[in-house]
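Undergrad: Before I ask anything, here is the structure I am working with.
Just so it is clear, none of the values below were taken in a lab; they were calculated from the coordinates. Here the structure is a predicted model, which means the values were calculated and not measured. Because the Cβ atoms are built from the backbone with ideal geometry, glycine has one as well, and the counts that use them run over all protein chains shown.
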Amino acid sequence: MGSKRTRSQEHPLQSDKGTTIIQDAAVRTIVGVAANEVDGATTSTGGTRLPGDTSRTVGEFLGGLGSGGSAQSRGASVEVGEQETAIDLTMVVEYGRPVAQTTQAVRDNVIRRVESLSGLTVTEVNVNVVDVIFPDQG
């Protein structure tokens, strides 16, 4: 005797009462916050600043156009399906931090946060490190 699975057992975003849709912007915000929770990592949209320069880089300016982006979601690009999401993340790492270990910590934290907060399954997190900065440069 086989057991019949209901839609609510298949995935937490679908049930007999309705479907939950999570927009890209919501996932981007979760990704940005989760990435920035890791010591030595900061999300970025690209570009380099001189120490003491607070103006936005071209990448930061263009990254905010038309994306509904916020400071929390900068550097994050996502593709969200009904049950899964794929993530591309652009970031900088503080000088002195091991890049491979820092990016793996970011990847692990992003996956944990996105899956626990959204109910989506993360299929991949691609990390692009665009610069290494000194702690007082960030």
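Undergrad: For region 111-136, give me each residue that is of a type in the set (Asp, Glu), in a strand (DSSP E or B) and exposed (fewer than 13 other Cβ atoms within 10 Å of the Cβ).
TA: GLU124
Undergrad: In region 97-110, what residues are free of Cβ contacts under 8 Å to residues at least 40 places away in the same chain and surrounded by fewer than 19 Cβ atoms within 10 Å (Cβ to Cβ)?
TA: Correct list: PRO98, VAL99, ALA100, GLN101, GLN104, ASP108.
Undergrad: Another one. Checking the condition of a type in the set (A, V, I, L, M, F, W, C) and in contact with a Gly (Cβ under 9 Å, 6 or more places away or on another chain), which residue from VAL122, VAL114, VAL130 passes?
TA: The unique qualifying residue is VAL130.
Undergrad: I'd like the residue in region 16-38 that is small (Gly, Ala, Ser) and touching a residue at least 40 places away in the same chain (Cβ under 8 Å) and, out of all such residues, is surrounded by the most Cβ atoms within 10 Å (Cβ to Cβ).
TA: So, considering only residues that are small (Gly, Ala, Ser) and touching a residue at least 40 places away in the same chain (Cβ under 8 Å), the one surrounded by the most Cβ atoms within 10 Å (Cβ to Cβ) is ALA35.
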